[in-house]
Each structure stands twice: as C-alpha cells, then as structure tokens.
Amino acid sequence: MLSEKMQAALNEQVKIEAQSSQVYLAMASWAEIQPGIDNITQFFYNHSDEERMHMLKLIHFINERGGFAKVPALEQPILTFPSISHAFDALLKHEIFVSESINKLVDISLQDKDYATHNFLQWYVAEQIEEESLARTMKDKLEMIGDEKSGLYLFDKDIIELSTPKDPMI
Ligand code: FEO
C-alpha cells in the first residue's frame with residue numbers, strides 16, 4: 001500500500017510525464033513546419049509518445065498498489081523556438097528537471113521503506129540516465145555544427161542512429 005505522501009508524489013510525477021509529452025509534442029509540431037528536418041521532427045514525435053508511456057506506467061502502478069492515479073490538467077507548452085539548438089537546449093534542461101523529480105521520489109520511497117516503489121522507480125532512474133545522456137550528445141553535436149543548413153542536414157541524418165538504442169537486448 002502506498003503512503004499518502006508517496007501517492008501524492010507519484011501523482012505529481014504523472015503530471016510531469018504528461019507535461020513532458022506535451023512539451024515534446026509542441027517541439028514536434030514546430031519542427032514539422034521547418035524545412036528539411038523530417039527525422040528531427042520524427043524524433044520529437046517519438047519522444048512525446050515515450051513520455052506518454054512513462055505516464056501510463058505510473059498510472060498503472062499507482063492503481064495496482066491500491067492508490068488512485070489522477071489524470072492531471074496540463075499547461076500549454078512553449079510552441080515555437082528561435083532555432084533547433086534552442087529546442088534541444090530546452091529538451092536537455094527539461095530532462096534534468098525530470099531526473100531531479102525522479103530522485104525526490106526515490107528519496108521518499110526510502111524514507112517510507114517502500115521497497116516495491118523503490119524497485120519500480122529504478123526503471124525511471126535508468127531511463128533518465130539514458131535520456132539525459134542522449135540530450136547532451138545532441139546538444140553538443142548541434143553546438144559543433146551550428147544552425148547552418150548543411151550542418152542541420154547532417155544532424156537530421158545522424159539523429160536516426162543517435163536515438164537508436166545501442167544495446168541489442170533493448
Ligand atoms: Fe519521462 Fe524524459 O522523462
């Protein structure tokens with residue numbers, strides 16, 4: 001059974017994951033109307049879907065542990081960006097914020113001696129390490145190539161390989 005505090009914190013994370021999905025959906029929609037970055041656009045759409053999956057996983061977990069997952073109201077995300085680099089900067093900052101939030105959940109699960117939730121959260125801890133690392137790699141690449149058309153063309157090709165998991169077991 002989840003403590004009240006744990007349940008409230010997990011529900012807050014439901015909102016954060018749902019909001020993340022909206023944030024990346026907005027990036028995807030903006031990218032879709034920029035010329036020549038189809039793969040970057042698809043990356044944002046895929047990322048938005050992944051965040052929804054993160055949210056659903058939490059909803060099922062809360063309900064299965066005797067709590068009640070509350071579907072949250074969401075804020076309108078930022079809709080436009082000065083450049084692709086700005087969008088990826090925002091993505092990295094957002095992922096760092098999500099990681100901090102997951103860490104707080106882990107703290108609460110330990111305070112509660114709630115080892116089932118602690119175990120469940122390890123998936124999110126690992127996921128955040130990957131997502132932050134991917135976002136950093138992309139931001140660094142974009143800083144190197146800049147926003148010129150030729151660089152972006154190459155980045156748009158690279159992003160398929162960059163965002164494909166390296167581990168064949170995944
Ligand atoms: Fe589910 Fe990218 O945080």
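The table for this structure:
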| quantity | calculated |
| --- | --- |
| Test: residue in the range 142-153 that is touching a residue at least 60 places away in the same chain (Cβ under 8 Å), more than 13 Å from the ligand (Cβ to nearest atom), in contact with a Leu (Cβ under 6 Å, 6 or more places away or on another chain) and over 30 Å from residue 7 (Cα atoms) | no |
| Hits in the range 124-146 (condition: more than 20 Å from residue 164 (Cβ to Cβ) and either basic (Lys, Arg) or in contact with a His (Cβ under 9 Å, 6 or more places away or on another chain) (or both)) | 124 |
| Residue count for the range 72-99, restricted to those that are polar (S, T, N, Q), more than 16 Å from the ligand (Cβ to nearest atom) and within 18 Å of the chain's Cα centre (by Cα) | 2 |
| Single match in 74, 2 (criterion: part of a loop (DSSP other than H, G, I, E, B) and either on the phi > 0 side of the Ramachandran plot or in contact with a Lys or Arg (Cβ under 6 Å, 6 or more places away or on another chain) (or both)) | 2 |
| Residue under evaluation residue 95, criteria (1) closer than 29 Å to residue 140 by Cβ; (2) assigned to a loop (DSSP other than H, G, I, E, B), criterion not met | (2) |
| Matching residues in the range 112-135 - criterion: being in a helix (DSSP H, G or I), touching a residue at least 60 places away in the same chain (Cβ under 8 Å) and away from the ligand (no atom under 14 Å from the Cβ) | 117 |
| Those residues of the range 100-141 which are more than 19 Å from the chain's Cα centre (by Cα), surrounded by 15 or more Cβ atoms within 10 Å (Cβ to Cβ) and more than 19 Å from residue 11 (Cβ to Cβ), in sequence order | 141 |
| Any hit, the range 38-55, residues being modelled with pLDDT of 95 or more, among the charged types (D, E, K, R), within 23 Å of residue 145 (Cα to Cα) and more than 13 Å from the ligand (Cβ to nearest atom) | yes |
| Any pair with Cβ under 7 angstrom, 6 or more apart, that starts in the range 48-66 at a residue that is more than 11 Å from residue 13 (Cα to Cα) and free of Cβ contacts under 8 Å to residues at least 12 places away in the same chain and ends at one that is away from the ligand (no atom under 14 Å from the Cβ) and not in a helix (DSSP H, G or I) | 63/69 |
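The values are calculated or read from the model by the stated rules, or taken from the named source; none is laboratory data. What you see is a predicted model, and the numbers here were worked out from it, not measured in a lab. FYI the Cβ positions are ideal-geometry reconstructions off the backbone, even for glycines, and counts take in every protein chain you see.
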